[in-house]
Structure formats: C-alpha cells, structure tokens
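J.: To start, I am sharing the structure in question, which I have written as structure tokens.
The values are calculated or read from the model by the stated rules, or taken from the named source; none is laboratory data. Keep in mind that this is a model prediction, so the values were computed, not measured. Here the Cβ positions follow ideal geometry from the backbone for every residue, glycine too, while neighbour counts run over all protein chains shown.
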Amino acid sequence: QQNRFEAGTVPRFNVLQAEVALYNQLPLLITAQNNYRIAKLQLAKTLGLNFERRRGENPPLEVVGEMPYIPRTIGLADAMELGKERRPFLKQARANVLNQLQQVRATAGQWLPTITTTGGGEWVSSPTNSSWHDISKGWLATVQGSLPIWDSGAIAGQVLQQRALFSEAKIIYDDDVRQVELEIQTAYSNLQQNQELIKSQEKNVELAEEAVRLA
C-alpha cells in the first residue's frame with residue numbers, strides 16, 4: 001500500500017489501514033515464535049536432552065528439515081489391552097489384589113487342624129552294665145495335632161477383616177482400570193481430532209502458498 005500511495009493510486013487512508021493490520025498481526029507472530037521455542041524444549045525433554053549452559057536461552061537442539069505426518073492406524077480395543085497391560089500402577093494394584101486374596105486364605109486356614117511330627121533315634125545304655133554291647137537303641141516318632149474348637153470368634157473376625165481389605169483392594173483396582181480406559185478413550189478421541197485438524201491445516205497451507213504465488 002505504501003508503494004501504491006507513493007505512486008498516487010491509493011489514498012493515505014489505505015496505508016494507515018495496512019499499518020494497523022500489520023501491527024495487529026505482530027502479537028500473533030510473537031506468540032507463534034514463543035510456542036515454537038516451547039515446542040522445541042518439549043521435544044528436547046522427550047528425547048532426553050539436558051540443559052546446556054553454553055547454548056544460553058536456545059533449546060538444546062536444532063530442528064532441521066521437515067517432520068511429515070505419517071498416519072498410524074490403531075484400534076481402540078487394541079489400545080485398551082496394551083494400556084491396561086503396560087500401566088505400572090495397574091500391575092501394582094493387581095498384585096495387591098492377589099496378595100489380599102492370599103491373606104484371606106491364610107487367615108481362613110487357621111480353622112484347619114495343625115499336625116506336627118518329630119522323629120529321631122535313641123541309644124540307652126544299661127544301668128547295671130558298662131559294656132558298649134549292652135545298649136538299647138531304636139527310632140522314635142511323635143505325631144501331635146491340634147484343632148481350634150473355641151476361640152471366641154477371633155479367627156472369624158480376622159477372616160472378615162481380611163475379606164474387607166480384599167474387597168477394598170479389588171475396588172481400587174477396578175477404579176484404576178476404569179481410569180486407564182477413560183484416559184485411553186480421551187487420547188483416542190484427541191488423536192482423531194488432531195488427524196482432522198492436520199488435514200484442514202494442510203489445505204490451508206496449500207491455499208496460502210497459492211495466494212503467495214498469485215500475489
């Protein structure tokens with residue numbers, strides 16, 4: 001517009017409008033540049049690159065070339081199975097459930113009879129003869145059993161307590177599974193949205209390049 005104004009083809013008002021439009025776009029440009037720097041920092045973190053003092057404020061990497069978008073097809077059901085299988089805290093919660101189940105069984109096992117056995121050999125010398133040949137010897141075996149007949153409900157109370165802990169662990173595990181499923185479904189929905197956005201932005205880039213060529 002400035003060149004056209006100097007050539008006398010447009011009024012001064014058009015130049016002022018163009019300058020206002022230019023300065024209105026500068027904040028967007030500054031924001032885009034800042035977002036670009038932050039994106040490079042996030043990429044460096046993902047790649048495991050540490051901060052380098054000699055680079056100063058610059059990110060610890062230089063982005064060169066283009067990163068084309070390559071669609072990856074993954075089913076929601078497969079993503080669910082992989083997510084529930086590989087989440088570390090789900091493995092821990094599953095182990096807690098199995099541990100509490102074993103605690104219930106161990107506590108209920110106190111109702112079962114307890115049997116202990118001992119065995120050994122015995123050599124007894126004669127009290128009236130000091131000869132080594134006059135020795136009585138043999139094997140001994142002892143079997144002892146016990147059965148809790150009355151414990152004032154102590155074992156029953158312990159079993160109820162362990163069952164309550166088992167139920168709590170299972171509820172926590174089920175809730176964690178639902179949380180993982182929600183996160184996967186949300187990520188899957190965002191992936192579909194981003195795929196549509198990429199397609200629309202690719203079309204915008206094509207139109208912008210055509211506009212630049214025509215200008």
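J.: Can you tell me which of Gln158, Gln185 is at pLDDT below 90, touching a helix residue (DSSP H, G or I) at 6+ places or on another chain (Cβ under 9 Å) and in a helix (DSSP H, G or I)?
T.: Going through Gln158, Gln185 in turn, the sole match is Gln158.
J.: In addition: Thr46 is checked against (1) closer than 17 Å to Gln185 by Cβ; (2) over 13 Å from the mean Cα position of the chain (by Cα) and fails just one. What number does that condition carry?
T.: (1)
J.: Would you pick out the residues in the stretch 54-111 that are in a helix (DSSP H, G or I) and either touching a strand residue (DSSP E or B) at 6+ places or on another chain (Cβ under 6 Å) or within 30 Å of Arg37 (Cα to Cα) (or both)?
T.: Within the stretch 54-111, Arg54, Arg55 qualify.
J.: I'm trying to understand the selection: among the residues of the stretch 143-184, which are farther than 21 Å from Gln103 by Cβ and either surrounded by 14 or more Cβ atoms within 10 Å (Cβ to Cβ) or under 37 Å from the mean Cα position of the chain (by Cα) (or both)?
T.: Selection gives Val177, Arg178, Gln179, Val180, Glu181, Leu182, Glu183, Ile184.
J.: Another question, then. Can you pull out the residues in the stretch 77-128 that are surrounded by 15 or more Cβ atoms within 10 Å (Cβ to Cβ), aliphatic (A, V, I, L, M) and modelled with pLDDT of 85 or more?
T.: Result: Ala79, Met80, Leu90, Ala93, Val97, Leu101, Val104.
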